[in-house]
Amino acid sequence: MPTTTGVELNLSPTRYSTDLSLRELRQAALVHHYQGPIVGAYYATINYVADVDRTVKEISPSRFCATPKYITLRLTLDQTIYIPRDFTGDNCLSSLARDHEGKHANAETSAVERLRPAFLSALRSAIRDNPSDSKPSAAEALSALKKLIKSAIERVLDQIDTERARLNLAVDTSVEFEQLSHACEGRALQ
């Protein structure tokens, strides 16, 4: 086991974009079978880099095992809220879009924060699962370990997607949709 295994999370500030029109956002919602009122959109990406110490031990002539002293996973959550450019001159509509899509951004952040410890467990599990069979080169030994780490990280990212979907359902309730329909004197649905 490495002496140090860690997870660093960088939550980038939420970006706001008015690059898309309400019509474009509605078309995108149709493609994704979204059923609620469209007042904006939310998009996020989670990027990661696993910094793995390249220590390799030669256990017999031409047989190598990866034995890293540290593994640090660096995650970055980038979030963008799209406010329809049609809403730009209307403070009520802009605030409505910012507030509603902000709830989705908070759901994403909450999912990532809640499952953050799972990344550490996944890294430790990948190290434990590292095949004890040696590889014919140091590069292959490191490559085998990195594949295990990547697979473990991807499993946690899938868990985050599931958790985020659950939390988004809690945002997109019939009560929320009703409020969006009547907010700003109904202008958001025009």
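The values are calculated or read from the model by the stated rules, or taken from the named source; none is laboratory data. Everything numeric in this text was worked out from a predicted model, so none of it was measured. Glycine also receives a Cβ, built like all others from the backbone with ideal geometry; neighbour counts cover every protein chain displayed.
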Could you tell me which of the residues Ala165, Ala126, Ala188, Ala122 is among the hydrophobic types (A, V, I, L, M, F, W, C) and in contact (Cβ under 8 Å) with a residue 60 or more places away in the chain?
-> Ala188
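Can you tell me how many residues in the stretch 89-116 are in contact (Cβ under 8 Å) with a residue 24 or more places away in the chain, among the charged types (D, E, K, R) and surrounded by fewer than 22 Cβ atoms within 10 Å (Cβ to Cβ)?
Going residue by residue through the stretch 89-116, those that are in contact (Cβ under 8 Å) with a residue 24 or more places away in the chain are 90, 92-93, 96-98, 100-105, 107-116.
Checking the rest, the ones that are also among the charged types (D, E, K, R) come to 90, 98, 101, 103, 108, 113-114, 116.
After this cut, where a residue has to be surrounded by fewer than 22 Cβ atoms within 10 Å (Cβ to Cβ) as well, the list is 90, 98, 103, 113-114, 116.
Qualifying residue count for the region: 6.
Out of all the residues in the stretch 168-184, which are free of Cβ contacts under 8 Å to residues at least 24 places away in the same chain and surrounded by fewer than 13 Cβ atoms within 10 Å (Cβ to Cβ)?
In the first step, residues of the stretch 168-184 are kept if they are free of Cβ contacts under 8 Å to residues at least 24 places away in the same chain; the result is 169, 173-175, 178-179, 182.
Scanning the stretch 168-184 gives Leu169, Thr173, Ser174, Val175, Glu178, His182.
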Please state which one of Thr18, Thr5, Thr72, Thr80 is at pLDDT 95 or above, within 25 Å of Leu115 (Cα to Cα) and either among the acidic types (Asp, Glu) or surrounded by 12 or more Cβ atoms within 10 Å (Cβ to Cβ) (or both).
-> Thr80
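Does at least one position in the stretch 122-133 carry a residue that is among the hydroxyl-bearing types (Ser, Thr, Tyr), surrounded by fewer than 19 Cβ atoms within 10 Å (Cβ to Cβ) and at pLDDT 90 or above? Give the steps one after another, and end with the answer.
Narrowing the stretch 122-133 to residues among the hydroxyl-bearing types (Ser, Thr, Tyr): 125, 132.
Those still in the list that are surrounded by fewer than 19 Cβ atoms within 10 Å (Cβ to Cβ) too: 125, 132.
The next check asks that each one be at pLDDT 90 or above; those that pass are none.
No: the stretch 122-133 contains no residue that is among the hydroxyl-bearing types (Ser, Thr, Tyr), surrounded by fewer than 19 Cβ atoms within 10 Å (Cβ to Cβ) and at pLDDT 90 or above.
If you go through the stretch 55-90, how many residues are under 30 Å from Ala107 (Cα atoms) and of a type in the set (Gly, Ala, Ser)? Can you show your working first?
First, the residues of the stretch 55-90 that are under 30 Å from Ala107 (Cα atoms): 71-90.
With the extra rule that they be of a type in the set (Gly, Ala, Ser), the set shrinks to 89.
The qualifying residues number 1.
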Ala141 passes all but one of the listed conditions (1) out of contact with any helix residue (DSSP H, G or I) (no Cβ under 9 Å at 6 or more places or on another chain); (2) surrounded by fewer than 16 Cβ atoms within 10 Å (Cβ to Cβ); (3) in a helix (DSSP H, G or I); the exception is number (2)
Over the stretch 41-71, the set of residues within 25 Å of Thr14 (Cβ to Cβ) and either in contact with a Gly (Cβ under 9 Å, 6 or more places away or on another chain) or among the aromatic types (Phe, Trp, Tyr) (or both) is Tyr42, Tyr43, Tyr48
If Lys150 passes every condition in (1) buried (at least 18 other Cβ atoms within 10 Å of the Cβ); (2) more than 22 Å from Asn168 (Cα to Cα) but one, which one does it miss?
-> (1)
